[in-house]
Amino acid sequence: MIFLPRVQIDLKKIRHNAKTLLNLLGSRGFSLMAVSKVVLGDPRIVRELVKAGILCIGDSRIENIIKMKNAGINAFFTLIRVPSFIEIPDVVRYADISLNTELETIKAISKEARKQGKTHGILLMVELGDRREGIMKQDLNEFVEQILELENINLKGIGTNLKCFRGVVPDEDNMSELSSLAHEIQDIHGISLDLISGGNSANYNWMVSTKNRYLINNLRIGEALFLGKETINYEPIPELYTDIFKLFAEIVEIKKKPVSPRGKITSNGFGEPVKAPNRFYNLGEVNKKRLQALVNVGRQDVLVDGLDPILNIEILGGSSDYLIVNLKNHHPKLGDSLEFHLNYGALLYAMTSPFIDKVYIP
Ligand SMILES: *Cc1c(COP(=O)(O)O)cnc(C)c1O
């Protein structure tokens, strides 16, 4: 018995994408940290990454790392989110490395690591323009000096993250800047850093076009791995599958309904302004009808704008529990399922929704 709605996950294609990216990065001198947050560290999926030869897994949620460890997944784990104080005992226990930007937090990690008799690795993040996590570069040397004094702490390296908040593109300028900073730290403090982590899937275009990777030797890749696209222009990456995940949802109502609403108009269920009616009034289509379906996923389950139907139909919108679809020339039956590709946001929501089944194709 198949339960709808469901995300169908092709494990063979995941293995293929992992191997292909691992080889591509390897041939250019980069190690690959596979980022599993979009699949919530799903052990069925992450096991395929490890089978493909990936040694390092990064996840933004310590809960996901605990889940993977408990499932017996044998890899190095990095928490790629700055830890909160309450997480520190678990971070030390379950993660090998965490990404950090606050001295007070690193001191607390040091204390906890001593208590647990462990050494914890720190990937120090530097702010290079995207204005999300990271210390300002003028503070770097002072910061490093203090970290090096802490017990049970191993400064593994430095990294940066671009694109995610303000859309800053990784390029020669910011990448060579990160590299110079690494060089400077190694010089001034007489240490060598294992990990110079240049960024995420948005670094793909830079990686394949740059003549010089400088000292950068690692990328943290999630979206490109699972969705097969780079994230500057969202172009498919050669030889990668872009259809690993598909959403199937069931049609629970089919009716011919007027295109335009009837009555006085306020905001929608999310308090957002409704813009559709005027368009149709202007076209003089007040009485026009179309075949409309309700589908059993909603904004509690997916990012509606991130769904791309495989049939030539039109998504009109979503409420908490329904997707509202214009069926155009298609005539499915009640109970039929509709199939959608998902972008990163839609996949993130769908994997997180407890109302969506996950079905694996081996
Ligand atoms: C999510 C994340 C990544 C991976 O990003 P993708 O765009 O999925 O490749 C890398 N680094 C950090 C810090 C992240 O939060």
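Below is a table of values for the structure above.
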{"quantity": "Stretchable slack from H189 to K255, in nm (0.36 nm times residue separation minus alpha-carbon distance)", "calculated": "16.7 nm"}
{"quantity": "Proxy reagent accessibility, fewest Cβ within 10 Å first, across I57, I216", "calculated": "I57, I216"}
{"quantity": "Sequence of T266, T119, T78 once ranked by neighbouring C-beta atoms within 10 Å, starting from the fewest", "calculated": "T266, T119, T78"}
{"quantity": "Proxy reagent accessibility, fewest Cβ within 10 Å first, across H120, H331, H183", "calculated": "H331, H183, H120"}
{"quantity": "Set of lysines near K264 by C-alpha distance (under 26 Å), chain-local residues within fewer than 8 positions excluded", "calculated": "K255, K256, K275, K288, K289"}
{"quantity": "Amide hydrogen neighbours beyond the local backbone of S31, cut-off 5 Å, H modeled", "calculated": "N218, L219"}
{"quantity": "Per-residue ³J(HN,Hα) for segment 15-24, Karplus 6.51 cos²θ - 1.76 cosθ + 1.60, θ = phi - 60°, Hz, x for Gly and Pro", "calculated": "4, 4, 4, 5, 4, 4, 5, 4, 5, 4"}
{"quantity": "Cα→Cβ-extended label distance, 7 Å offset, between S180 and T266, nm", "calculated": "5.8 nm"}
{"quantity": "Cross-link partners of K229 among aspartates and glutamates (Cα-Cα below 13 Å; sequence separation of 8 or more within a chain)", "calculated": "E239, D243"}
{"quantity": "In degrees, nearest ten, helix 172-189 long axis to first principal axis of the chain (Cα)", "calculated": "30 degrees"}
{"quantity": "Label zone at V359, where the point sits 7 Å out along the Cα-to-Cβ direction: segment 243-260 residues whose backbone N lies under 14 Å", "calculated": "245-251"}
{"quantity": "Charge sum, other residues only, whose C-beta stays under 15 Å from A18's C-beta, Lys/Arg counted +1 and Asp/Glu -1", "calculated": "+3"}
{"quantity": "For segment 1-141, projected area of the alpha-carbon convex hull averaged over all directions, nm²", "calculated": "11.3 nm²"}
{"quantity": "Linear extension gain, K115 paired with V274, 0.36 nm per residue minus alpha-carbon span", "calculated": "51.6 nm"}
{"quantity": "Under 19 Å from the Cα of K107 - aspartates and glutamates, other chains or at least 8 residues apart", "calculated": "E87, D90, D96, E133, D139, E142, E145, E149, E151"}
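Since every read-out is calculated from the coordinates, none of them should be taken as a lab result. Predicted model only: the values in this text are computed from it and were never measured. Positions of Cβ are backbone-derived with ideal geometry, glycine not excepted, and every protein chain shown enters the neighbour counts.
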